[in-house]
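Structure first, then comments.
Just so it is clear, none of the values below were taken in a lab; they were calculated from the coordinates. Because the structure is a prediction, the values reported are computed rather than measured. Note that each Cβ is placed from the backbone with ideal geometry, even for glycine, and that neighbours are counted across all protein chains shown.
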Amino acid sequence: MSTARVHRRDEAGPLTDEAELLALEALYCSHGDTVHYTEPPKIFESCEGSFLFDAKGRPYLDLQMWYSAVNFGYANPRLNDAAHQQLERLPQLASQYLHREKIELAAHIARDAARKFGLKGRVHFNVGGSQAVEDSLKLVRNFKKGKSLMFAFEGGYHGRTLGASAITSSYRYRRRYGHFGDRAHFVPFPYHFRGPKGMSKEEYGHHCVKQFERLFESEYNGVWDPKAGEAEYAAFYVEPIQGTGGYIIPPRNYFVELKRVLDKYGILLVVDEIQMGVYRTGKLWSIEHFGVQPDVIVFGKAITNGLNPLAGLWAREELINPTMFPPGSTHSTFNANPMGTAVALETMKMLDEVDYASMVADKGAYFLEGLRELQRRYPIIGDVDGLGLALRMEICEPHDSFTPSKTLVDRMVDEALKADLEVDGKRYGLVLDIGGYHKNVVTLAPSLHISRDEMDLAIELLDQVLRRVTKN
Ligand SMILES: Cc1ncc(COP(=O)(O)O)c(C=O)c1O
């Protein structure tokens, strides 16, 4: 089979083409990424707004938007235009030189943080989320004079580079590679739906903080030296709303109480906003819902709407000033690439001009009501919840609406991808993502620009999928 043949649309039509492409993929692409989580893997040809399209032009309503990297819709005209303009003017520049978009973007993020948190700080860029997490580890370890131990949450996800996977709770991501860094001490997240019965959400939040604080009660609990007044741990890595962990929204009191403990024992708060940032929850940073000051914020994904990748971190001045973190402390060829910073800067301007806070809150409430309505009709939906347009639907066994059912959720994803759902005589597919501690949660991250009609369509398509998997 020649490559030329693969690219040509011959009389056999796109279907043959797709089969050939899949045959090539099977032979020549590494299967070490996540493509083969779905069998057979799916090929898409184009995208617009809330939809992906396959080779036959069939629309798939995307309810996960590239794991929340495309918050502003596929082919967003304003952001695409910013990319085109940068492509014409200054698309390439070694990261040892400056370009105006990098400077303006850093200033924008730092001024916003100063306004919101009352803290001076600076921004450092990198390419992907995991790399930015690596940079944050360097920053923290440097500031804490080489202390390398971190707290992180059970169910937390911070990426799959070696340092990031050491603070990501799943052993699965480390199993093949041995240890390259210190594994975090993993602390339970206040996951109320699966917490002990008989406690309100807030009571459970308080209980979780108390359990964490126990670690500091005596030196024999392994983290605190009362004589030196020093903890062995440098920072606590948190996702305010757990992403891969299943879009879990903590009790409102949790982070304020946790931060009191961290401050008391001199432990930094590093907030990973890679998935929940950039208005997914209705705020630029999801930690803004919880009234605490972060020491470091790590961001990525939607800041460029999934165009040229850009990630980075904001840190308090004390940690990142040029004496503490001098030139050459870290570097990557593409770290503040002009294409990425130009689009991210345009994203920031757009966020200033449009009232995303109310828009996302309104749409989130509407979508959540649709999910609640489905929950009333389908006992397999054990829990639904949402903050802004970060929404969850936890799929369980029908007899108790609680025992996790990965089997049912896997079937839902398969049915959704068949693209034979039908509404008003038109056929659709549905793109869903699975998360959660038991891989039984449909984690919904629709475009923030999704329309009411598209939300109605989403609920109708989910209804059809649920009907199929609950039919014996
Ligand atoms: C919360 C969080 N942190 C870090 C990462 C890693 O980012 P990347 O996949 O861009 O390396 C992700 C990716 O899903 C994430 O959701």
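State the antiparallel share, in %, of DSSP beta bridges confined to the chain, rounding to the nearest 5.
Antiparallel bridges: around 70 percent, rounded to the nearest 5.
List the aspartates and glutamates whose Cα lies under 13 Å from the Cα of Lys301, skipping any in the same chain that are fewer than 8 positions away.
The reachable aspartates and glutamates, counting only those whose Cα sits under 13 Å from Lys301, are Asp272, Glu273.
I need the calculated FRET efficiency for the pair Ser148 and Thr333, taking r as the beta carbon distance and R₀ as 41 Å, to the nearest 0.05.
My answer for the efficiency is 0.95.
I need Cys208, Cys47, Cys29 ordered by Cβ neighbour count within 10 Å, fewest first.
In order of increasing Cβ crowding within 10 Å: Cys29, Cys47, Cys208.
Check Phe236: other-chain or 5+ apart residues with amide H under 5 Å from its amide H, H built from backbone geometry?
Long-range HN contacts for Phe236: Phe151, Leu268, Leu269, Val270.
Roughly how many nanometres apart are two label points built 7 Å out from the Cα toward the Cβ at His399 and Leu90?
6.6 nm
In which sequence would Met412, Met393, Met199 go, from the one with the fewest C-beta neighbours within 10 Å to the one with the most?
If I rank by nearby Cβ atoms, fewest first, I get Met199, Met412, Met393.
Report ³J(HN,Hα) in whole Hz for each residue of region 143-148, in order, from the Karplus equation J = 6.51 cos²θ - 1.76 cosθ + 1.60 where θ = phi - 60°; Gly and Pro get x.
Karplus values, whole Hz, x for Gly and Pro: 5, 8, 6, x, 4, 10.
Counting other C-beta atoms within 10 Å, and keeping those with at most 14, which DSSP coil chymotrypsin sites (Phe, Trp or Tyr not before Pro) do you find in region 143-215?
Loop-located and lightly packed - Tyr177, Phe180.
For Asp400, Asp414, what's the fewest-to-most ordering of other Cβ within 10 Å of each Cβ?
Asp400, Asp414
Multiplying the sequence separation of Arg183 and Glu369 by 0.36 nm and subtracting their Cα-Cα distance, what value in nm do you get?
Extending this stretch completely gives an extra 63.0 nm.
Just check region 44-85 against the gyration tensor rule for me: Cα atoms, a ≥ b ≥ c as the square roots of the eigenvalues, rounded for a/c under 1.5, and otherwise prolate or oblate depending on whether a/b exceeds b/c.
In terms of gyration-tensor shape, oblate.
Could you tell me which of the pairs Lys102/Lys144; Lys197/Lys471; Lys197/Lys283; Lys42/Lys439 are separated by over 23 angstrom between their Cα atoms in the structure shown?
From the list (Lys102/Lys144; Lys197/Lys471; Lys197/Lys283; Lys42/Lys439), the Cα-Cα distance tops 23 Å for Lys102/Lys144; Lys197/Lys471; Lys197/Lys283.
Once label points are set 7 Å from the Cα along Cα→Cβ at both Asn321 and Arg172, what is their separation, rounded to one decimal in nm?
4.5 nm
Which residues make up the longest stretch of the chain clear of GluC sites (Glu not before Pro) that lie in a DSSP loop with no more than 11 other Cβ atoms within 10 Å, not counting the sites?
The answer is 218-472.
Mind running the shape call on region 281-338? Use the C-alpha gyration tensor, a ≥ b ≥ c as the square roots of the eigenvalues: rounded below 1.5 for a/c, prolate if a/b tops b/c, oblate otherwise.
Oblate, since a/c reaches 1.5 and b/c is not below a/b.
Taking 0.36 nm per intervening residue step and subtracting the Cα-Cα distance, what contour gain separates Ala419 from Leu22 on full extension?
Full-extension gain reported as 141.1 nm.
Could you give me the ³J(HN,Hα) list for region 132-141, computed from phi with Karplus coefficients 6.51, -1.76, 1.60 and θ = phi - 60°, whole Hz, x at Gly and Pro?
For region 132-141, the Karplus-derived couplings read 5, 5, 4, 4, 5, 5, 4, 4, 5, 5 Hz, x marking Gly and Pro.
Report ³J(HN,Hα) in whole Hz for each residue of region 327-337, in order, from the Karplus equation J = 6.51 cos²θ - 1.76 cosθ + 1.60 where θ = phi - 60°; Gly and Pro get x.
Running phi through 6.51 cos²θ - 1.76 cosθ + 1.60 with θ = phi - 60° gives x, x, 4, 7, 6, 8, 3, 9, 4, 10, 4 Hz.
Compute the Cα gyration tensor for the chain, then decide on rounded, prolate or oblate, letting a ≥ b ≥ c be the square roots of its eigenvalues: rounded whenever a/c is under 1.5, prolate when a/b is larger than b/c in the other cases, and oblate in all that remain.
oblate
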